[in-house]
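Reading through the structure tokens given below for one structure.
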Amino acid sequence: MKFKIPKEIKKPMIFLLITILLLIIVYFLNPDKGLLVLKASYSLLLKILPVMLIVILLMGLFNMFITPKKLAKHLGKEKPVKAWLISSIAGIISSGPIYLWYPLLAEAREKGASNSSITIFLYNRAVKPALLPLMVFYFGIAYTVVLTIVMILVGGLQGYLIEKIV
Amino acid sequence: MKKQETLIQKTAISFRKALKSFSFSLPILLGIIILVGIIQVYLTKEMISNIFSGSIIDYFSASLLGSVLAGNPVTSYILGGELLSQGISLGAITAFLVSWVTVGMIQLPAEMLMLGKKYSITRNVLAFFSAILVALITVGVMSLI
């Protein structure tokens, strides 16, 4: 049986190999600096490891309770404020790479979802509850709360503007 | 009994899916960790302060940087956190974090294909400038707290 590398992992693996190659070059140019780089990377990895586990746990829980179809159903455009709220929440709780959502959004638009709802959905994908612990870890709770609220509000503005322009 | 099995199956599938999607971004994450290590050793504070002028233009360059770079938001948090500890302004880092997720130069061809050229270009241009707007508002509010 032939072992097949999944398509999604090919590019990330090439990226990793390039960085490893870069590290080897650094080491051969200056072994002391090469070791310093290894030490710095290792301590960074240790620092973020516990939060990574929380992220995986939350991702699993989202997969369990939120399905793409459920989200698509509520991206309607009858009531702008309701659509803004629903699109924002849908964008926030959605997970996975952004391009996986394009076909579903195209389908949702065909079924009556507005450009505004789609834009708000895509904008709020920047607000990820599963990643908030990591954001708090790096930037503090006050910053995380302020940025999240500002993002949701500006997401609404984006939706409004795109509806006017396109 | 059957219902219980379904719940166990559902949990297993959900977590397997989560692990799978996380494992796909793991090589990028490890690569970024190596890159950050190299940056920490080679890039001095003086060099960074030369790239970022400390003026409002930093918001623009940071938003541009975030638009070109792509990947899991986790990576942007790590990079942003490290840049913050190197002395880059919170505003520029905010513009970087926001444009990282909302503007996608790399996935633009796919977006245009699925959602239309005019819509995709307009959305990305708007997102680029609103990253700067979000940064300005966030820093403004933070200075009041």
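The values are calculated or read from the model by the stated rules, or taken from the named source; none is laboratory data. A quick note: this is a predicted structure, and the numbers were derived from the prediction, not measured. With ideal geometry, Cβ positions are generated from the backbone for all residues, glycine too; neighbour counts draw on all protein chains shown. What goes into the accessible areas is simple: the full protein's heavy atoms, side chains included, and nothing from ligands, DNA or RNA. Shrake-Rupley method; radii C 1.70, N 1.55, O 1.52, S 1.80 Å.
Tabulated data
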read-out	value
Chain B - percent of accessible surface contributed by carbon and sulfur, probe 1.4 Å	73 percent
Virtual paramagnetic centre 7 Å along Cα→Cβ of residue A:49, amide N under 12 Å, in the range B:14-41	none
Rounded to 10°, Cα long-axis angle of helix B:2-42 versus longest principal axis of chain B	30 degrees
Spin-label model distance (nm) - residue B:53 vs residue A:21, 7 Å beyond Cα toward Cβ	3.6 nm
Helix B:90-102 axis, angle to chain B major axis (alpha carbon atoms, nearest 10°)	40 degrees
Long pairs among A:164/B:118; A:111/B:118; A:82/A:111; A:7/B:118, criterion Cα-Cα beyond 22 Å	A:7/B:118
Efficiency of FRET from Cβ geometry, residue A:110 and residue A:57, R₀ 41 Å, rounded to 0.05	0.70
Chain pair B, A: total accessible area buried, heavy atoms, 1.4 Å probe, Å²	5700 Å²
Between the range A:137-166 and the range A:11-33, the alpha-carbon center distance in angstrom	37 Å
Global form of the range A:9-50, assessed from the alpha-carbon gyration tensor, a/c cut-off 1.5	oblate
